[in-house]
């Protein structure tokens, strides 16, 4: 392993849920970026930056020896309305389409979070502070009456420095262990986040 014990790790989590709520009510709730991430047990703070749609996440996790390290993310959030317009509107300028046609043709909304490079250096290995990169898509679609289907997919990349105690473990092994452990932690946190949302929002069931 490299002398500085630097390693790149990737974690993934995903899930599908049925929200027992109307589509617009569910979208409004899930669009509150700060509120839903505060349910994540590793999230210490989410704050808006001075740039529109850009957020700063501060997460704190621990290694297998229970040593804490902080991961900072800068994230851009975007939303895209998903519509299936009647054929006669295919060639029309979106600004000219009547609002009620768009409303009646709405089949969902896509909320995306993607990494926004920071202008300042985040990594501070001596104090175990590292920059992370997050990429996520949340698809929200009307389901049955008073129900909404939500599909969530998240990937996080982090490059960090390990504590010296890992010197004896081969790099390939520690990388595999780290990726697997990170994905397990993320999936557990995602499940817990949506369970907590259900206590606030109303009934939610995994698909």
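The values are calculated or read from the model by the stated rules, or taken from the named source; none is laboratory data. Remember, it's a predicted structure, so these values are computed and weren't measured experimentally. Methodologically, a virtual Cβ is constructed for each residue, glycine included, from the backbone with ideal geometry; neighbour enumeration extends over all protein chains shown.
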>> Return the pair list, or none, for Cβ contacts closer than 8 Å from residues in the stretch 11-40 that are more than 30 Å from residue 180 (Cβ to Cβ) to residues that are assigned to a strand (DSSP E or B) and at pLDDT below 90, at least 6 apart or on different chains.
In response: 23/106
> Do you know which residues across the stretch 146-162 are under 30 Å from residue 25 (Cα atoms) and surrounded by fewer than 16 Cβ atoms within 10 Å (Cβ to Cβ)?
Replying inline: 146, 153
>> Which of the numbered conditions does residue 119 fail, given that it passes all the others? Conditions: (1) modelled with pLDDT under 85; (2) assigned to a loop (DSSP other than H, G, I, E, B); (3) surrounded by 11 or more Cβ atoms within 10 Å (Cβ to Cβ).
In response: (3)
> Within the stretch 170-177, is even one residue closer than 22 Å to residue 14 by Cβ, assigned to a helix (DSSP H, G or I) and touching a strand residue (DSSP E or B) at 6+ places or on another chain (Cβ under 9 Å)?
Replying inline: yes
>> Looking at the stretch 124-159 only, could you name the residues that are in contact (Cβ under 8 Å) with a residue 60 or more places away in the chain, within 30 Å of residue 67 (Cβ to Cβ) and out of contact with any strand residue (DSSP E or B) (no Cβ under 6 Å at 6 or more places or on another chain)?
In response: none
> Just wondering, is there one or more residues in the stretch 51-58 that are over 21 Å from residue 27 (Cα atoms), more than 15 Å from the chain's Cα centre (by Cα) and surrounded by fewer than 15 Cβ atoms within 10 Å (Cβ to Cβ)?
Replying inline: yes
> Given the conditions (1) modelled with pLDDT of 90 or more; (2) surrounded by fewer than 18 Cβ atoms within 10 Å (Cβ to Cβ), and given that residue 97 satisfies all but one, which numbered condition is not satisfied?
Replying inline: (1)
